[in-house]
Amino acid sequence: MPLAYYSRAATEEFWSEHWGAQEPEGLVRIARLSPLTALIEEALPRSGRILEAGCGLGQYVVLLRERGYGAVGADWSLDALLRCRKWAPAAPVAVADLAALGFKDGAVAAYLSLGVVEHDPDGPDRILREAERVLAAGGRLILSVPYLNGVRRMFRPYLARRQARLRRDGGHFYQYAFTRREVRAFLEAHGFRVLSLTPYDPARILRKAFGRFVRSPHPALSPRGGEGFLNSSPLRGEDKGEGVRVRGKGKDEGEAGTLTRAVRRLLYTPLLLRFLGHMILAVAVKR
């Protein structure tokens, strides 16, 4: 069973407020440097329409179109899409219910969804049924969800008790975290053949740990310092990691950059990704 998290419900109002605190220009800058972007581009077809379902401020729609892809976006937050249009007036984005999209059967060559399906308290099935419908035969699905990694599995009894207490205290369902096996199972149940499952954003657990115990952590471990292994997940909300701001190249920043690159190489080894990865990216094909 996936692990349920409780907090504030991930409603349309929640996302509108969340996006109101961010700037699309900054998110695009982060996406250009993100290891996640490279994973996405490796999986995308070079031709055909690409739908980002749950596009938020539209940073990936804009970035992918800059790089020659036929990307369009859909989201249920009108406020977020209006901010996207203000920044990029030509961006093809529209308000939509992701479980009832305004596309014909088989109309898209690729379906991209980053940190979305986990927020449905009934599970991902409703959105995935619609994803399968709008994808062409042989089309690619690129989807990420919170990962029930090695650390979370070790501490699952504690995490489950803590979330149960939050629920009793009035917390609302926020999201699920899934194991690799659970991700594979729900994708295969909807007619997809899984090609790869790749954890990413291994620094989030370290960010939270250092934030608790160190007032001013080294720039290499700070979400606001260094050039950044933290720059790995420019996505939606609390569950998607944070980007970093690239700083100057003075002596301190140069030393921080060297440490950052070394730590990043270490964190992005397969073993530590399985143990610490905050999110997991699935690439699958419609049968």
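Readers should treat all values here as calculations from the given coordinates under stated rules, not as data from a laboratory. Keep in mind that this is a model prediction, so the values were computed, not measured. Neighbour counts run over all protein chains shown; Cβ positions are idealised from the backbone, glycine included.
Over every pair of different alpha-carbon atoms in region 1-80, take the mean of 1/r and invert it; report that Kirkwood radius in Å.
Hydrodynamic radius (Kirkwood, Cα only) of region 1-80 equals 14.1 Å.
So, in Å, what gap is there between the alpha-carbon centers of region 44-83 and region 118-174?
22
Could you check the simple spin-label distance between residue 181 and residue 158, using points 7 Å along Cα→Cβ, in nm with one decimal?
Inter-label distance under the simple model: 2.4 nm.
So for 119, 18, fewest C-beta neighbours within 10 Å to most, what's the order?
The fewest-first ordering by Cβ neighbours comes to 18, 119.
Return the sequence-ordered ³J(HN,Hα) values of region 195-202 in whole Hz as given by the Karplus equation 6.51 cos²θ - 1.76 cosθ + 1.60 applied to θ = phi - 60°, using x for Gly and Pro.
Working through the residues one at a time gives 9, 7, 9, 10, x, 8, 6, x Hz.
Take peptides 2-11, 103-112 and line them up by average Cβ neighbours within 10 Å, highest first, as a rough protection proxy.
Taking the mean over residues of other Cβ atoms within 10 Å, the ranking is 103-112, 2-11.
If I take R0 = 25 Å and measure r between the Cβ atoms of residue 259 and residue 39 in this structure, what FRET efficiency does the formula 1/(1 + (r/R0)^6) give, to the nearest 0.05?
Efficiency, rounded to the nearest 0.05: 0.55.
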